[in-house]
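One structure is given below, encoded as structure tokens.
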Amino acid sequence: QVQLVESGGGLVQSGGSLGLSCVASGTIFSITAMGWYRQAPGKERELVASITSGGNTYYTDSVKGRFTISRGNAKNTVYVQMNSLKPEDTAVYYCNLRTIETNYWGQGTQVTVSS
């Protein structure tokens, strides 16, 4: 059974920083990418950042230059460093792991940015 466990969410003031971590456990074959999605109240879940098994990264426009995604030495870990946070970054952040067959999701961690 594959499990993704996120950590690092919380409350921060506008302009502050937070780092999120995600560790995947279980038997996982053929990881193609890991990433972070977020969902704000009343909005659809959106892809924030992702990194492929080859190290290619993607960022949604609103976080470019502020967020940095990286993989751990163990390929089942992914981090996102979030700087210059804005109130509009407030959301539940979900870790995602994609294989050639399916997607796995974490339980989500709340990030709240106060103005």
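The values are calculated or read from the model by the stated rules, or taken from the named source; none is laboratory data. From a predicted model like this one, the values you see are computed outputs, not experimental measurements. All Cβ positions, even for glycine, are placed from backbone atoms using ideal geometry, and neighbour counts span all protein chains on display. Side chains are part of the model used for accessible areas, which takes the heavy atoms of the whole protein and leaves out ligands, DNA and RNA. Shrake-Rupley method; radii C 1.70, N 1.55, O 1.52, S 1.80 Å.
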*From the phi of every residue in the range 49-59, what ³J(HN,Hα) in whole Hz does the Karplus formula 6.51 cos²θ - 1.76 cosθ + 1.60 yield, where θ is phi - 60° and glycine or proline is x?*
7, 8, 9, 7, 4, x, x, 6, 10, 9, 9
_Label zone at Ser62, where the point sits 7 Å out along the Cα-to-Cβ direction: the range 14-49 residues whose backbone N lies under 14 Å_ = 37-49
*Please list, in chain and number order, the residues 5+ apart from Ser53 or on another chain whose amide H is under 5 Å from its amide H, with Hs placed from the backbone.*
Ala33
*Using a Förster distance of 30 angstrom, determine the FRET efficiency expected from the C-beta separation of Ser84 and Ala40, and round it to 0.05.*
0.95
*asked:* Rolling a 1.4 Å sphere over the protein heavy atoms, what is the accessible area per residue of the chain, to the nearest Å²?
replied: 54 Å²
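Summarise the accessible area of the range 40-115 (1.4 Å probe, protein heavy atoms) by the percent that is carbon and sulfur. Before the final figure, lay out the partial values.
Numbers: 1920 of 4240 Å².
Carbon and sulfur together cover 45 percent of it.
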*State the extension gain, in nm to one decimal, for the chain segment bounded by Ile28 and Leu47, taking 0.36 nm per residue of separation less the distance between their alpha-carbons.*
4.7 nm
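Quick one: order Ile28, Ile100 from most to least accessible surface, probe 1.4 Å.
Numbers: Ile28 40, Ile100 125 Å².
Greatest to least solvent exposure: Ile100, Ile28.
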*Which value, to two decimals, describes the C-alpha radius of gyration of the range 1-60 once divided by 2.2 N^0.38 Å?*
1.31
*asked:* In 5 Å bins starting at zero, report the fraction of Cα pairs in the range 51-115 per bin as a rounded %.
replied: 4, 14, 23, 26, 19, 10, 3, 1, 0
*Under a 5 Å amide H to amide H cut-off, with H placed in plane at 1.01 Å, what residues pair with Phe67 once short-range neighbours are removed?*
Asn83
*Quick one: which residues, 5+ away or cross-chain, put their amide H under 5 Å from the amide H of Lys86? H built at 1.01 Å from N.*
Gly15
*Mind listing the phi-derived Karplus ³J(HN,Hα) values for the range 31-40, rounded to whole Hz, using 6.51, -1.76 and 1.60 with θ = phi - 60°, and x for any glycine or proline?*
5, 9, 6, 10, x, 10, 10, 9, 9, 8
